[in-house]
Amino acid sequence: MKDEVVKTKREEPVQIKVSDLSVIYKDTKGEAGTTALSHVNLDIKRGEFISLVGPSGCGKTTLLRVIADLIPKTSGEVFVGGLTPRQARLAKQFGIVFQSPVLMDWRTIRRNICLPMELMKIPKAERTKKVDEMLEIVGLKDFGYHYPRELSGGMQQRVGIARALALDPPILLMDEPFSALDEFTKESLHEDLLRIWRQTHKTIIFVTHSLQEAVFLSDRVIVFSPHPGRVTSIVDVDIPRPRSLETKNDPHFTELVAKVRSGFEGV
């Protein structure tokens, strides 16, 4: 079964292609300043769970934001399903989950999840059905009429995930979504996220500083060098799925974490 899963994933088409990408931030005078990314090349296949790791300032979030069309590239190319990032954004090809869920305090959980659909003027009956589905997927079906202040940090982040999935994008971009949470909540959300990923078949790009988190969640871990950001290694995570917290006690899990660490310690 494991070999069948690996084979299927390898045969999937490339969904996101990054070619010789560089990003240079300009200084206050509009002149070239900090080089955030330098000649990055990366192919991500449909349905993969990919984590980006590396020290602070290595360009992980910059790459995510270029893909999401939140910031421009300086040189190179990025294609999302054959589209430019701008075309992909307009075509609603991805949902984004940030470090903070950024919920509207005056809206119920249902109405927070519903917001993207309201902006798209999706009919009310369809919105209602989709919100019910999203609440079920993230395990919050009994909390739809609560307000964000009534939920824990972990529950609020689940709402953020539900909202990102509301328009059914094929790609989910996640920028350190669990970094502000305690370890017990993180572990619960790790299992929740893997369950959601299995149910929805999304392509996920996940930015994290945690090597253990990256290995536990991912099919591949992309390791970035310190500033300026370059891809120094790509680690295939060949741990069978589905995974549980017991996976972290496997000696091979520890070996893979060490392999990821060595990817930027030797730079």
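Coordinate-derived values only; no laboratory data. Remember, it's a predicted structure, so these values are computed and weren't measured experimentally. Every residue, glycine among them, receives a Cβ derived from its backbone with ideal geometry; neighbour counts consider all protein chains shown.
Considering only Cα-Cα distances, which of the following residue pairs are longer than 21 Å: Lys17/Lys121; Lys26/Lys92; Lys45/Lys248; Lys45/Lys92; Lys45/Lys130? With Cα atoms farther than 21 Å apart: Lys17/Lys121; Lys26/Lys92; Lys45/Lys248; Lys45/Lys130.
Reachable aspartates and glutamates from Lys259, Cα under 13 Å, same-chain residues fewer than 8 places away excluded? Partners within reach: Asp236, Asp238. Exposed loop sites here are chymotrypsin sites (Phe, Trp or Tyr not before Pro) assigned a DSSP state other than H, G, I, E or B and surrounded by at most 14 other beta carbons within 10 Å; excluding them, the longest clear run of the chain is 146-267. Rg and Dmax of the chain, based on Cα coordinates, read 18.6, 57 Å. Once the cut-off is 16 Å, how many percent of the Cα-Cα pairs in region 163-216 end up in the long-distance tail? For region 163-216, the share of Cα pairs beyond 16 Å comes to 41 percent. In plain terms, the chain from Arg149 to Leu90 could stretch by 18.1 nm, reckoned as 0.36 nm per residue minus the Cα-Cα distance. Here the calculated FRET efficiency for Asp168 and Leu245, from their Cβ-Cβ distance with R0 = 35 Å, stands at 0.75, rounded to the nearest 0.05. Mind checking which aspartates and glutamates have their Cα closer than 20 Å to the Cα of Lys186? Skip sequence neighbours fewer than 8 apart in that chain. The qualifying aspartates and glutamates are Glu136, Glu150, Asp175, Glu176, Glu213, Asp219, Glu246, Asp250.
A full extension of the chain between Asp105 and Ser56 corresponds to an added length of 14.6 nm, given 0.36 nm per residue minus the alpha carbon distance.
About its Cα centre, how strong a charge dipole does the chain have in debye, to the nearest 20, once Lys and Arg get +1 and Asp and Glu get -1 at the Cβ? Provide the component values of the computation, followed by the final result.
Numbers: 38 positive and 35 negative charges, 182 e Å.
It works out to roughly 880 debye.
Take the convex hull of the alpha carbons in region 16-83; its mean projected area over all directions comes to 4.9 nm².
With the radius of gyration and the Kirkwood radius both derived from the Cα set of region 49-153, what is their ratio Rg to Rh?
Radius of gyration relative to Kirkwood radius: 1.03.
If you split all Cα-Cα distances of region 133-267 into 10 Å bins from zero, what percentages do you get per bin, shortest first? In order of increasing distance, the bins hold 11, 39, 34, 14, 3, 0 percent. Once backbone amide H atoms are built at 1.01 Å from N, Glu12 has no partners under 5 Å, excluding neighbours fewer than 5 places away on the same chain. Spin-label model, Glu187 to Asp142: label points 7 Å out along the Cα-to-beta-carbon direction sit 2.3 nm apart. The simple spin-label model puts a point 7 Å past each Cα toward its Cβ; for Glu126 and Gln199 those points are separated by 2.2 nm.
The H on the amide N of Val207, modeled in the peptide plane, is under 5 Å from the matching H of Leu52, Met174, Asp175, Glu176, each at least 5 residues off or on a different chain.
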